[in-house]
Structures are given as structure tokens and as C-alpha cells.
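Every read-out reported here was derived from the displayed coordinates using simple, explicitly stated rules and does not represent laboratory data. These numbers were taken from a predicted model, which means no experiment stands behind them. Note that each Cβ is placed from the backbone with ideal geometry, even for glycine, and that neighbours are counted across all protein chains shown.
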Amino acid sequence: MDAESLAVELFGLRPSEFTAARDEYVAKARKAGDRELAAAIAALRKPTVAAWTAGLLARRRPKEAQSLVQLGEALRTAHRTLDAGQLRKLSHDQHVVIQRLAGTARALAVEAGQAVSELVLHEVEQILHAVLADPGVAKEWMAGRLVKAPDAALGFTGLEPQPGAAPP
């Protein structure tokens, strides 16, 4: 029993099952005398339904998830180089891809026995936008470890144009 494999298992459970299972593992680790493991497990926070739904997509459809991450990389590159044509194309692609992936995530959640409301679906879309904009969020999402939707992604912050890049 190690913290990483338990985290993978716990984040794979529906949110309604998370807390009871986590607490059971904490109790087992304490009973075994492993205070460090018990603390690591106890520190895990239950994901919101939206974060779990988005994470389910990353876990069950890794190729599609990786495609979204690659789209985010391409968008950041286009922003850095101020490539107007590429920005227009990729911007259109991002809307199409996010809509499709959010729908897929919802279907996967329903298949797993978790209802997904329109509000939750909107939060899933917000998460997917954040994945595009922030490599840190993308990494956490790909690992299936988001516990809540990040703040709304409003563009690509911190991107400086490459020297010599022409304005759009």
C-alpha cells in the first residue's frame, strides 16, 4: 500500500464514494503504524463532480486528453510567435474540441453512474479551457488529480512574443 497507488484508486472512485474509502485507508495505515502514509492519504481532498468528470476523461481517453494538451501547446506557441492565421485556426479548433470532449466526459460519467448537470458540464468546459492555457493544470488533469475547477482561464498569461515576431 503506497500513497500514489491509493490516490489513483481514490480519484477513480465516484465523488460520493471518495471520503469513505479515503478514511478507510487512513484507518488501515494508522493501524499498520504507518503515520506518514496515513497523513498522505488524509491530505487527499475529494474532487468536485466537475473535476472528477474531467479527470475521468483524462483517465479513460488518454489519447484524446493528450490531443487537448498538444492543442494547448500549439496555441501557446501561436501566441508567442503572434501567428494570426494559426491563432484563428487553433481558436476555432479549441471550441470544437472542448465541446466534443466535454460531451464525452459527461457520457463517461453517466456510464459510471454519476449524473452531470448543465452547471457541472460548464465547469468541465472551464477545466478543459484551463488545460489549454496552463501547463500546470494540464499536468494535474492528465494525472487525474484535479479536485476543483481552476479559476477561469482568460487567455494565455505570461507569454511574451518571441523577439522579431510580427504583431497580428
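Give a quick list of chymotrypsin sites (Phe, Trp or Tyr not before Pro) in the stretch 1-63 that DSSP marks as loop, anything other than H, G, I, E or B, with at most 15 other Cβ atoms within 10 Å. List each step's numbers first, then the result.
Working: sites: F11, F18, Y25, W52; in loops: none.
Sites meeting the loop and neighbour criteria: none at all.
Please turn the phi angles of the stretch 48-61 into ³J(HN,Hα) values with the Karplus equation 6.51 cos²θ - 1.76 cosθ + 1.60 (θ = phi - 60°), one per residue in order, whole Hz, x for glycine and proline.
5, 4, 5, 5, 5, 4, 5, x, 4, 4, 4, 6, 8, 10
Choose one answer from L132, L90, L71: the residue with the largest mean-square fluctuation in a GNM of the chain with alpha-carbon springs under 10 Å.
Looking only at L132, L90, L71, the biggest GNM fluctuation is shown by L90.
Report the relative contact order of the chain, percent, no decimals, based on alpha-carbon pairs under 8 angstrom and at least 6 residues apart. Show your work: numbers first, answer last.
Working: 200 pairs, mean separation 50.5, N = 168.
Once normalised by length, the contact order is 30 percent.
I want to verify a result. In a Gaussian network model of the chain, Cα cutoff 10 Å, which of these has the top mean-square fluctuation: R100, R22, R35?
Among R100, R22, R35, the largest mean-square fluctuation in the Gaussian network model of the chain belongs to R35.
Name the residue, out of G55, G85, G144, whose mean-square fluctuation peaks in a Gaussian network model built on the chain with Cα pairs under 10 Å.
Largest GNM mean-square fluctuation: G85.
Divide by every residue of the chain the summed helix terms, -39500 (n - 2.57) for each DSSP H run of at least 4, and state the resulting mean residue ellipticity at 222 nm, rounded to the nearest 500 deg cm²/dmol. Please list the in-between numbers first.
Numbers: 8 runs with 119 residues, N = 168.
Taking each H run of at least 4 residues, the total per residue is -23000 deg cm²/dmol.
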